[in-house]
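The values are calculated or read from the model by the stated rules, or taken from the named source; none is laboratory data. Everything quoted here is computed from the prediction, not taken from an experiment. Note that we place each Cβ from the backbone using ideal geometry, even for glycine, and neighbour counts take in every protein chain shown.
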Amino acid sequence: MHILDTLKDRGFIAQMTFEEDLYKQLERESTTLYVGLDPTADSLHIGHMIPVYAMAHFQRAGHRPIILMGGGTAMIGDPSGKTALRAMLTRETIDHNIRSIQAQLSRLVDFAEGRAILADNGDWLRGLNYIDFMREIGAFFSVNRMLTAECYKARLEKGLSFLEFTYMLLQSYDFLELFRRYGCRVQVGGDDQWSNMLGGADLIRRKESQDAYVTTFKLLLTSDGRKMGKTEAGALWLDAARVSPYDFYQYWRNLDDADVQKCLALLTFLSMDEVRRLGALRDADINEAKRVLAYEVTKIAHGEQAAADAQQAAAALFGDGGDRGGAPRVDITAGQLAQDARLTTLLVTAGLAASRGEARKLVQGGGVYLGESPVTDIDHTVSAADFGTDGLLLRKGKKHYCRVTLRA
C-alpha cells in the first residue's frame, strides 16, 4: 500500500498540496521530509505526537525523516492557536529542552546510520543578518496574503506583535534551508500549521524552481471536538517525572469508548484489521481494546517494562490480580511523618489533592481510601505501622492511586 494510502486509512491526513504529484514523488524515490517541533518545554506531550507517529510510518516505508527542533523559532513563538504572546525563553533553556526531548523521539524514529536526521534551526536562524534575510526572503511574502492566514486572523483583534508576525517567514526559510542542505521536499505537521507550511513550499518553488509539498495531519481531538490529552494535572506529558507511566497508562485505559478505534489507528502500529476488530467491540468487551491501547501507547512512550508494570498495577488495583508495584510512588521520611501525620497532608504530598482544603473535601465526600478502607474523618492521622513493608496505598475515587513509602 502507498504510504499516503496507509496514512489515510489510519486517519492521519487532513490536507495536502499537489496530491497526485506527491503520490508520484513518494513512489519514484526515497524522499526526505520534515516536521518541526518548538522545544518550549523539556518534554513532548501527546498532542505533539501525531506528526511524529506519521514520520515513523514514512520511515518504515523507506523515506527519510528530519525532526527539526526549533532552537531558533522557539525564541520568538508561533502565534498559531495562541491568544497572547508566549513567554520569552532563554537560549540555555531551549538548548536544555532539546536535549531532553531527543530520547522521547528515539522511541518512534530510528536515527541510526543516517536513517533520520535530528536538526536544529538555531544553527542557521540565530546568526541571520536581518538586512540580508529581508532582501533574500522578505521580498517573496505578501503582507496582504499573510493577514488572511488563520494563525494571524485570530490574533489581530487582541493584538499581534511584529515579533510573532515574522514567524511564518522563519518557518518558510527553514524549509528552504532543509531543501538546500538535505534535499528535503516535503513538510508535514498539524493542520493548525497549514498557513505557515504553505509559505515554505512556495518559497522553494520561487527561489529554487523545484517542487515541494505540504501535508497536514488531523489534530488529536476527542469525538466531541475537545483536545485530547488533557488531565486534571494538565497535559499528558511523555516525561515520567511529569506524568507517571501508571497515570499515562490509566489515561488510555479510561478513554471514552467512541475514541478507542481512532487512537488505536493513530497511536499504535497494530494492523488495521486488528484495529477494526478491537474498535468493533462493544459494552464490557471494549475493555479489551482499551487494555491493548493503553499497553501499546505506554510501551512506545515509556518502554516495554514500564508498560508491563503499569498494566500489572492496574490489574491489581482494579481487582483483576497482578502486582501492585507499578502504581505511582512517593517517598516521605520518618521526620516528615513525625512533623505532620494528617491524612489530608499525605494526600497533598502524594499528588492526589492540590491543597489540604481540597483533601478535606475529598475525605468528607467519602472519596479517600487507605488500602481498601474508606476514611471519612478529616482529622485522621497515620502512623509508621500503617506503612508496612511495601508502603501505604492511598486511593482517591475509583481511578487514582499512589503508594507512599516511609524511609528513615
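Selection of the stretch 1-15 for residues being surrounded by fewer than 21 Cβ atoms within 10 Å (Cβ to Cβ) and hydrophobic (A, V, I, L, M, F, W, C) yields Met1, Ile3, Leu4, Ile13, Ala14. The number of residues in the stretch 124-163 being surrounded by 12 or more Cβ atoms within 10 Å (Cβ to Cβ) and of a type in the set (D, E, K, R) comes to 6. Exactly one residue out of Gly326, Gly303 is within 26 Å of the chain's Cα centre (by Cα), modelled with pLDDT under 90 and closer than 21 Å to Leu267 by Cβ: that is Gly326. Does the stretch 59-73 contain any residue that is out of contact with any helix residue (DSSP H, G or I) (no Cβ under 6 Å at 6 or more places or on another chain), farther than 30 Å from Glu296 by Cα, part of a helix (DSSP H, G or I) and at pLDDT 95 or above? Scanning the stretch 59-73 turns up no residue that is out of contact with any helix residue (DSSP H, G or I) (no Cβ under 6 Å at 6 or more places or on another chain), farther than 30 Å from Glu296 by Cα, part of a helix (DSSP H, G or I) and at pLDDT 95 or above.
Of everything in the stretch 343-389 that is touching a residue at least 40 places away in the same chain (Cβ under 8 Å) and over 23 Å from Arg242 (Cα atoms), the residue that is surrounded by the fewest Cβ atoms within 10 Å (Cβ to Cβ) is Ser383. Among the residues of the stretch 145-176, those that are of a type in the set (Gly, Ala, Ser) and closer than 26 Å to Ile66 by Cβ comprise Ala149, Ser172. Does Thr216 fit the bill of being within 28 Å of Asp42 (Cβ to Cβ), in contact with a Phe, Trp or Tyr (Cβ under 7 Å, 6 or more places away or on another chain), without any contact (Cβ under 8 Å) to a residue 40 or more places away in the chain and not charged (D, E, K, R)? Taking the combined requirement at face value, the residue does not satisfy it. When we screen Asp247, Asp273, Asp283 for residues that are over 19 Å from Ser43 (Cα atoms) and either modelled with pLDDT of 95 or more or buried (at least 18 other Cβ atoms within 10 Å of the Cβ) (or both), the only hit is Asp273.
Yes or no, residue by residue, for (1) under 29 Å from Leu26 (Cα atoms); (2) part of a helix (DSSP H, G or I):
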position	(1), (2)
Met134	no, yes
Asn144	no, yes
Lys158	no, no
Tyr173	yes, yes
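The set of residues in the stretch 368-396 that are at pLDDT below 80, of a type outside the set (Ser, Thr, Tyr) and within 37 Å of the chain's Cα centre (by Cα) comprises Gly371, Glu372, Phe387, Asp390, Gly391. Taking the criterion of being assigned to a loop (DSSP other than H, G, I, E, B) and of a type in the set (A, V, I, L, M), the only residue of the stretch 180-216 that qualifies is Ala212. Residue pairs whose Cβ atoms lie under 8 Å apart, separated by 6 or more positions or on different chains, with the first residue in the stretch 223-234 and under 15 Å from His400 (Cα atoms) and the second among the hydroxyl-bearing types (Ser, Thr, Tyr) and at pLDDT 75 or above, are Thr231/Tyr251. Of all residues in the stretch 1-30, exactly one satisfies the criterion of being assigned to a helix (DSSP H, G or I), under 15 Å from Gly190 (Cα atoms) and either not assigned by TED's automatic domain parsing to the domain that holds Val188 or not hydrophobic (A, V, I, L, M, F, W, C) (or both), namely Lys8.
For the stretch 185-196, state whether one or more residues are within 19 Å of Trp124 (Cα to Cα) and modelled with pLDDT under 95.
yes
In the stretch 293-319, the residues that are free of Cβ contacts under 8 Å to residues at least 60 places away in the same chain and over 18 Å from Leu255 (Cα atoms) reach residues that are among the basic types (Lys, Arg) and part of a helix (DSSP H, G or I) with C-beta atoms within less than 8 angstrom, at least six apart or across chains, in these pairs: Gln312/Arg324; Ala316/Arg324.
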